[in-house]
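Trainee: Right, I'll just put the structure down here and ask away after.
Nothing in this text is a laboratory measurement; each read-out follows from the coordinates by a stated rule. All values reported here derive from a predicted model rather than from experimental measurement. Virtual Cβ from ideal backbone geometry, glycine too; neighbours counted across all protein chains shown.
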Amino acid sequence: MPSRFLFLLASARQGGNTELLARRAAAALPPSAEQRWLRLADVPLEPFADLRHGGGGYAMPTGHGRTLLDATLWATDLVMAAPTYWYGLPAPAKLYLDHWSGWLRVPGVDFEARMAGKALWTITVNADDPGDDSGSALLVETLRRSARYLGMRAPGALVGHGNRPGEVLRDAAALAAADRLFREELLAG
Ligand SMILES: Cc1cc2nc3c(=O)[nH]c(=O)nc-3n(C[C@H](O)[C@H](O)[C@H](O)COP(=O)(O)O)c2cc1C
């Protein structure tokens, strides 16, 4: 079955470093791999309400929530392309993950079973010097553990470096890693 890659762009600006790095990585995908790109700022989610232990539970989302749920279920591979903000995920990316907690409990969706086995990839950029990825360790670990919680795979995390838009294109190691990111997995699969 051909792979279906959903790229979720979580930056608060367009054309930034994380998007550049994600597009570089995506260029290595074979034509058979479908790609869909969503900018989380274009599909803003409602504040998350914790209804797990009362409040009537969760209904099927509507509007942007439904768009994101459907795209998430469609994908075989989710790519969180999120700049590092305060060592962690930007708010829209975190909110998207929070909504997973609701989607897990929407009757009839079977979210947990349908997420199991999908891949969750991480692409992030921080403003530290090239080679020093430690400032994004919490972000990478958040996504790795979230994937594990849902029985997903976390085959790769790519950390690039740059501050002003375009600066990541000077991080030669990150560009080389972007070229390899999906290739090895697809060859193996
Ligand atoms: C709200 C905010 C928080 C940030 N926090 C960090 C941080 O914790 N560590 C870091 O190295 N850079 C931090 N940065 C810098 C961004 O990671 C950096 O500019 C990156 O290139 C932005 O990616 P983008 O161009 O894809 O938006 C922060 C930037 C913003 C706007």
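Trainee: Ser146 versus Asp98, label points 7 Å from Cα toward the beta carbon: distance in nm?
Mentor: 1.2
Trainee: Out of residues 5 or more away from Leu158 or on other chains, whose amide H comes under 5 Å of its own, with H placed 1.01 Å from N in the peptide plane?
Mentor: Those qualifying (amide H under 5 Å, at least 5 residues apart or on another chain) are Thr122, Ile123, Thr124.
Trainee: How large is ³J(HN,Hα), in whole Hz, for each residue of segment 110-115 in order, when computed from phi with the Karplus curve 6.51 cos²θ - 1.76 cosθ + 1.60 and θ = phi - 60°, using x for Gly and Pro?
Mentor: 6, 4, 4, 5, 7, 7
Trainee: So who's got an amide H within less than 5 Å of the one on Arg39, skipping anything under 5 residues away but keeping other chains? H placed 1.01 Å off N, in plane.
Mentor: Leu9
Trainee: Something else: For Arg36 and Ala12 in one chain, what is 0.36 nm times their gap in residues minus the Cα-Cα distance, to one decimal in nm?
Mentor: 6.7 nm
Trainee: Where the only charges are on Cβ atoms (+1 Lys, Arg; -1 Asp, Glu), what is the dipole of segment 4-188 about its Cα centre, to the nearest 20 debye?
Mentor: Details: 20 positive and 20 negative charges, 68 e Å.
The calculated dipole for segment 4-188 is roughly 320 debye.
Trainee: So if we plug the beta-carbon distance of Met60 and Arg4 into 1/(1 + (r/R0)^6) with R0 = 22 Å, what FRET efficiency do we get, rounded to 0.05?
Mentor: The pair Met60/Arg4 has a calculated efficiency of 0.55.
Trainee: Of all DSSP beta bridges in segment 4-188, what percent run antiparallel (nearest 5)?
Mentor: 5
Trainee: Continuing with this model, one more query. Could you work out the relative contact order of segment 31-189, using alpha carbon pairs under 8 angstrom and six or more residues apart, expressed as a whole percent?
Mentor: Answer for segment 31-189 is 20 percent.
Trainee: Can I ask one more? Is the chain best put as rounded, prolate or oblate by its Cα gyration tensor, with a ≥ b ≥ c the root eigenvalues, rounded for a/c under 1.5, and otherwise prolate when a/b is larger than b/c, oblate when not?
Mentor: prolate
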